[in-house]
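Notes follow once the structure below has been shown.
Values in this text are rule-based calculations from the coordinates and carry no lab data. For clarity, every value in this text was computed on a predicted model and none was experimentally measured. Here the Cβ positions follow ideal geometry from the backbone for every residue, glycine too, while neighbour counts run over all protein chains shown.
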Amino acid sequence: MNPIRLHDTLKNRLEQLEPIHKGEVRIYTCGPTVYDFAHIGNFRTFVFQDVLRRFFRARGYRVLQVMNLTDVDDRIIQKAAAAGVSIREYTEKYIEAFLEDMRALNLEMPEELVRATDHIEDMVALIDKLQQKGMTYTSDGSIYFRISKFPAYGKLSKIDMSGIKAGARVDTDRYEKDDARDFALWKAPKPGEHFWETRIGPGRPGWHIECSAMSMKYLGETFDIHTGGVDLTFPHHENEIAQSEAATGKTFVRLWLHAEHLIIEGEKMSKSLGNFYTLRDLFAKNYNPSSIRFLLLSVPYRRQLNFTMDGLKQAETSVERLRNFMRRLREAQFAAGANPEIQKRAEKAESDFDAGLADDLNTAVALAAVFDLVRDVNTAMDRGKFRQQDAPRVIAAMEKFDAILALLTDDDNDKLRKLGFGTALPQIPPEKIEALVEERQLAKKRRDFKRADEIRKQLAESGIILEDTKEGGVRWKQK
Ligand code: AMP
Ligand code: ZN
């Protein structure tokens, strides 16, 4: 197997993954700001992170992934105050929606999903440490990080700071800073808004400190991988490096991975531009969770993804193709025996798939390996070159792929219905069900598996599940 190589933003080159802890990869992921529903641009980045962790697990690594939920920031505090509810109450609904959206897209849960507001004490401790080291100053009750004390500032984003001069008031913050580049670690309370009473004074955390505090708490002072969308490189991740490395004197992160944006009509999809779709917007237009997942993972993470409805329709066709192929493998009858060519073909697909992902998570190459296999096997089936014992081998390959792609389970409509979308189940009267069950039994007896299968499918589409009884009969029940 090829070594896993990933593009590190800081070194700006491909680096081989060598986890600090043997057999375990530790990842920190900047999660959503929970003041609204996440949009599919956000999910582009979250799907990339899911493919990444699934690939590590497929390679036999344990994964320890921490994702934060930013449940305190200026917008949240203002919106909660305007609605007259607590921060918890305000964000609860969006956290719940985010979890539902994650499940809809088959995103695996990170081992730790942590809220900023549960970690105020950890942030205070980190700020305290930076104060002890003389890296900060206080102005108008807010505490700032003094960037001039951290010469490596800018190493991640390679941003040219020379144009931003000390004293220039480029920031719209209402607070006084010594240097325009300096950023707030802790913000003084504003009248009528929520604040915490702490040993570094009353106030609330700046945006960046939570990720330094929570990542180091769960993953150690140096950990393997930090991920996010490219917009986070500067200032967020640059500031995380400054805070963390100034406090510990150690390298904060081994590999920085950044996903390029999902764009729509040439622009970044974002809340502020108003050009966004949430998952629910797309569900309401009858698009499936699996089509969205397919589309989001189909473009390698370091390439921009141009979102179009056409692309989404094509994604649906692609997922259908995979699912039909699985049905054919499971249900069609082939001549007895095995074809060694097919066995070899499956092996090649597996190694191409793995090699694609090992090369900086190139999902386009990995998907090509899958669809090439589907094409070749379908051709072999059509030409009578596929044997019964080949089916389990190819199914095993497809299941291996699906441990990472997570597209094969045909549960879109179930998921949609749970979220209040999707099509209602067509109703079949009980006499008709009985008649179809009977007809299916007869079809099976005369070995007409095609017809038997059609009937099973027709019933399944109406939520009717068939169970074989011990006596050789069939029972049906409504899902
Ligand atoms: P936010 O909720 O704004 O903190 O963003 C959550 C994640 O989504 C971050 O990793 C962002 O970098 C990422 N993100 C935001 N917009 C996009 C986009 N249009 N395409 C891809 N990722 C994005
Ligand atoms: Zn972060």
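Within the shell of other residues whose beta carbon sits under 13 angstrom from the beta carbon of Phe421, the net charge comes to 0, with Lys and Arg scored +1 and Asp and Glu -1. Computing FRET efficiency as 1/(1 + (r/R0)^6) for Gln388 and Lys190, where r is the C-beta to C-beta distance and R0 is 51 Å, gives about 0.10.
For region 292-414, the dipole from Cβ point charges (+1 on Lys and Arg, -1 on Asp and Glu) about the Cα centre works out to 360 debye, to the nearest 20. When you filter the trypsin sites (Lys or Arg not before Pro) in region 300-380 for DSSP loop state and at most 13 other Cβ atoms inside 10 Å of their Cβ, you are left with Arg303. Rounded to the nearest 500, the 222 nm mean residue ellipticity of the chain from helices alone is -14500 deg cm²/dmol, with -39,500 (n - 2.57) taken per DSSP H run of at least 4 residues. The simple Förster model, with R0 at 45 Å and r as the Cβ-Cβ distance, assigns Lys158 and Asp118 a FRET efficiency of 0.85. Placing unit charges on the Cβ atoms of the charged side chains and taking the dipole of the chain about its Cα centre, the candidate lying farthest along the positive direction among Ala180, Leu373, Val114 is Leu373. Could you give me the percent of Cα pairs per 20 Å distance bin for the chain, shortest bin first, beginning at zero and ending with the bin that holds the maximum distance? Spelled out bin by bin, the chain gives 20, 47, 24, 8, 0 percent.
With the cut-off at under 19 Å, measuring from each backbone N in region 1-34 to a point 7 Å along the Cα-to-Cβ line of Arg62 picks out 18-29. Placing +1 on each Lys and Arg Cβ and -1 on each Asp and Glu Cβ, with no other charges, gives the chain a dipole about its Cα centre of roughly 1160 debye.
Filter Lys344/Lys415; Lys11/Lys79; Lys158/Lys190; Lys313/Lys415; Lys133/Lys271 down to the pairs with a C-alpha to C-alpha distance above 29 Å, please. Exceeds cut-off: Lys344/Lys415; Lys11/Lys79; Lys158/Lys190; Lys133/Lys271. Summing charges over neighbours of Gln78, with a neighbour being any other residue whose Cβ is under 11 Å away from its Cβ, gives 0 when K and R count +1 and D and E count -1. Couplings 3J(HN,Hα) for region 45-59, derived from phi with the Karplus relation 6.51 cos²θ - 1.76 cosθ + 1.60 (θ = phi - 60°), are 5, 5, 5, 4, 5, 5, 4, 4, 5, 5, 5, 4, 5, 4, 7 Hz, where x marks Gly and Pro.
Got the relative contact order for the chain handy, in percent, Cα pairs under 8 Å and 6 or more residues apart?
Values: 707 pairs, mean separation 77.0, N = 479.
Relative contact order comes out at 16 percent.
Counting Lys and Arg as +1 and Asp and Glu as -1, what is the net charge of the other residues whose Cβ lies under 14 Å from the Cβ of Ala315? Around Ala315, the charge tally is +2. Bridge orientation summary for the chain: considering DSSP beta bridges with both residues in this region, about 50 percent are antiparallel.
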